[in-house]
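Below is one structure, written out as structure tokens, with a few remarks after it.
The values are calculated or read from the model by the stated rules, or taken from the named source; none is laboratory data. Computed from a predicted model, the values in this text were never measured in an experiment. Here the Cβ positions follow ideal geometry from the backbone for every residue, glycine too, while neighbour counts run over all protein chains shown.
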Ligand code: DCP
Ligand code: CA
Ligand code: CA
């Protein structure tokens, strides 16, 4: 495999940082974002917390009641999760990140791998410069900080990103990988959970350095061929897993309830236009193009009706989406006498290429030289 330069970008204390951005006056206080279960006032778990709160031992996963105890007597802010809001910010940032990569892989709402081998001409100096540029762009456009790890593969990039947080930037060149990993606990490796950690500890393997020196055959005997080899390679910082776009969705859609049941096209379009904008921003964030537009109407008796139209060439135009949507609703209302209770918009027949025809033309074009 050719040498690569891979970057992992992870947004800092993401949900809590989004809340700070929405309301900067809470920044200096402990901010705790909670998933309230609704049973009693304080039942549920902490989703995440800002670094001020972490200083008091408040972190993801602990009960809200425990977080309150740890912050007793300290003026703090407890907020419910608002996933739609965080997703909106995430979509925009992922779009920016994708534009800076040769290939891109979003891992979660706040984390993505970028293969930047070509973009940085295989230079770690250039890759670091690019990382600083990305960090600045995210900060200037979205007022959010992130931590970035740069390395020869995903494994090293991920551990490098975790190495310094928040607002970190850690670069590990190929020749430094072994030295960088050696002192870290085995737990830092993906796939090493509590159980494996215990097992390794009983063999006196505590650090990645210990694991790298441990007999491969013994690892294979203990964990099986695949996992044993995986642990051995990981400890040496070897990872060939490519950075690739995760499976695309089959369709992207949104549905919403109208203020009141209606047959009025204007009222429906008012809502449907907003849905189109929402669907469109998700489509663009994923770098996709559509051919099929579907409208859905949930009638007042809860029957579901749908109409769709497929256009010739893939597009990501919001204008075309709105136009198709409008025609479909108009036709539907002309033909039926249902009162709409909810309306939905979905785009499908998704692809990455704007126009297949163009690709074929360029194919024939290039075969001439
Ligand atoms: N999350 C959650 N429950 C968890 C872990 C995470 O709800 N047990 C949510 C909230 C986080 C988001 O996922 O903001 C991203 O998770 P991370 O593990 O990346 O943690 P943070 O971004 O909160 O903090 P860090 O600065 O350590 O990356
Ligand atoms: Ca994070
Ligand atoms: Ca993360």
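Within segment 18-67, which residues are within 16 Å of ligand 3 (Cβ to nearest atom) and touching a helix residue (DSSP H, G or I) at 6+ places or on another chain (Cβ under 9 Å)?
Taking segment 18-67 first, the residues within 16 Å of ligand 3 (Cβ to nearest atom) are 18, 33, 46-51, 54, 59-61.
Passing the criteria: 18, 33, 46, 47, 48, 49, 50, 51, 59.
For residue 308, state whether it is outside any loop (DSSP other than H, G, I, E, B), modelled with pLDDT of 95 or more and surrounded by fewer than 19 Cβ atoms within 10 Å (Cβ to Cβ). Give the derivation first.
Numbers: outside any loop (DSSP other than H, G, I, E, B): yes; modelled with pLDDT of 95 or more: yes; surrounded by fewer than 19 Cβ atoms within 10 Å (Cβ to Cβ): yes.
Criteria met by residue 308.
Select, from 79, 8, the only residue that is surrounded by 14 or more Cβ atoms within 10 Å (Cβ to Cβ), assigned to a strand (DSSP E or B) and within 16 Å of ligand 3 (Cβ to nearest atom). Outline the logic, then answer.
Values: 79 fails: within 16 Å of ligand 3 (Cβ to nearest atom).
Of 79, 8, the one residue that is surrounded by 14 or more Cβ atoms within 10 Å (Cβ to Cβ), assigned to a strand (DSSP E or B) and within 16 Å of ligand 3 (Cβ to nearest atom) is 8.
For segment 11-49, what are the residues that are more than 12 Å from ligand 2 (Cβ to nearest atom), in a loop (DSSP other than H, G, I, E, B) and within 25 Å of residue 94 (Cβ to Cβ)?
23, 27
Filter segment 90-113 for residues that are within 20 Å of residue 166 (Cα to Cα), assigned to a strand (DSSP E or B) and out of contact with any helix residue (DSSP H, G or I) (no Cβ under 6 Å at 6 or more places or on another chain); which is nearest to ligand 2 (Cβ to nearest atom)?
111
Across segment 337-369, what is the number of residues that are modelled with pLDDT under 90 and either part of a helix (DSSP H, G or I) or surrounded by 13 or more Cβ atoms within 10 Å (Cβ to Cβ) (or both)?
Qualifying residue count, segment 337-369: 13.
Any idea how many residues of segment 22-53 are within 13 Å of ligand 1 (Cβ to nearest atom) and touching a residue at least 24 places away in the same chain (Cβ under 8 Å)? So that I can check it myself, show each step before the final result.
The initial filter retains those residues of segment 22-53 that are within 13 Å of ligand 1 (Cβ to nearest atom), namely 31-36, 44-53.
From what is left, the residues that are touching a residue at least 24 places away in the same chain (Cβ under 8 Å) are 31-36, 47-53.
The qualifying residues number 13.
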